[in-house]
C-alpha cells in the first residue's frame, strides 16, 4: 500500500489567496512537510488547521526525504508546501516529488499562487512563450553572460531577485538590453505591492532612491533588444 503526496501551493503574501481545495487538503492529510515550520504554522493557525508539520528544506532534504518516503510506503498522506507559492519552483521540493513517484506513490498537484504567473498577468507583455530563469548568477561576469544568452531567446524572461541585489541586476540588464522596457513587480499580493514599467535606468533611479525592500519579480518582454524599447 502506498500513500499520496499532495503538492500544495500556498499564498505568496495575501493569506486570502489560499484555495478551498488546498485548505481542505491541508486539513485532511496525515502530515505537512514544509520549508519553514514557523511560517507554515502561522498560515495554518490563520485557518484553524491542526495537522502536524515537519521540516523539509535544502539542508535536510536527503535525510528527511527518506523518512517521508517511509511514511508514504505505509500508506500515509503528506502535503508538501513551500514558504510561499508552488513547491518545486526555486526550492528543493522537486526532489521529494521525483523520489515519491519513483517509489510508486501517488503525486497529486493542488495548484494555486505563483509569483511568476502573477507577475506575468499584471505586466501586460506577451506571455504565450516565456522562460523562468529564477535567480541570476551572483558573479558579475556570469550574470552578464547569462543575460546575453536570455536576450537571444524569442520569449519573455521572468527573473526573481532579492532586494540587496536588485540594483546590480538592473545595471546588468541595462548593459545587455539597453533602453528596452521591462517590468518590476515588488511585494506581489502584499500591502506594498508595486508593479512598475520602465527602462533599467529608470527603474534603478526609482528603486535606488532609498533602502531597497521587498521581494522582486522581473519581467523582460519577448523581443526586447538594445535600442528598441517596448518592441514585442
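Filter the range 31-51 down to the residues that are touching a residue at least 24 places away in the same chain (Cβ under 8 Å) and either outside any helix (DSSP H, G or I) or surrounded by fewer than 16 Cβ atoms within 10 Å (Cβ to Cβ) (or both) and list them by number.
Listed by number, the residues that qualify are 31, 32, 33, 34, 35, 36, 39, 46, 47, 49, 51.
Being over 25 Å from residue 217 (Cβ atoms), assigned to a strand (DSSP E or B) and not assigned by TED's automatic domain parsing to the domain that holds residue 190 is true for just one of 25, 54. Which residue is that?
Only one candidate passes the filter, namely 54.
Restricted to the range 185-200, and to residues that are surrounded by 14 or more Cβ atoms within 10 Å (Cβ to Cβ) and without any contact (Cβ under 8 Å) to a residue 60 or more places away in the chain, which residue is nearest to residue 167 (Cα to Cα)?
200
Condition test on residue 201, is it closer than 15 Å to residue 132 by Cβ and assigned to a helix (DSSP H, G or I)?
Judged against the criteria, residue 201 is not a match.
Scan the range 64-80 and give yes if some residue there is surrounded by 14 or more Cβ atoms within 10 Å (Cβ to Cβ), within 20 Å of the chain's Cα centre (by Cα), at pLDDT 95 or above and not assigned by TED's automatic domain parsing to the domain that holds residue 187, otherwise no.
Yes, the range 64-80 contains a residue that is surrounded by 14 or more Cβ atoms within 10 Å (Cβ to Cβ), within 20 Å of the chain's Cα centre (by Cα), at pLDDT 95 or above and not assigned by TED's automatic domain parsing to the domain that holds residue 187.
Residue by residue through the range 164-206, note down the ones that are more than 25 Å from residue 149 (Cβ to Cβ) and out of contact with any strand residue (DSSP E or B) (no Cβ under 6 Å at 6 or more places or on another chain).
Selection gives 187, 188, 189, 190, 191, 192, 193, 205, 206.
If you go through the range 81-132 one residue at a time, how many are buried (at least 17 other Cβ atoms within 10 Å of the Cβ) and part of a strand (DSSP E or B)?
Qualifying residue count, the range 81-132: 5.
List the number of the failed condition for residue 139; all other conditions in (1) touching a residue at least 12 places away in the same chain (Cβ under 8 Å); (2) over 19 Å from the mean Cα position of the chain (by Cα) hold.
For residue 139, the exception is condition (1).
Against the condition surrounded by 14 or more Cβ atoms within 10 Å (Cβ to Cβ), at pLDDT below 95, touching a helix residue (DSSP H, G or I) at 6+ places or on another chain (Cβ under 8 Å) and not in a helix (DSSP H, G or I), how does residue 212 come out, does it pass?
yes
The values are calculated or read from the model by the stated rules, or taken from the named source; none is laboratory data. These figures come from a predicted structure and were not determined experimentally. Cβ sites come from the backbone with ideal geometry, for glycine too, and all protein chains shown count toward neighbours.
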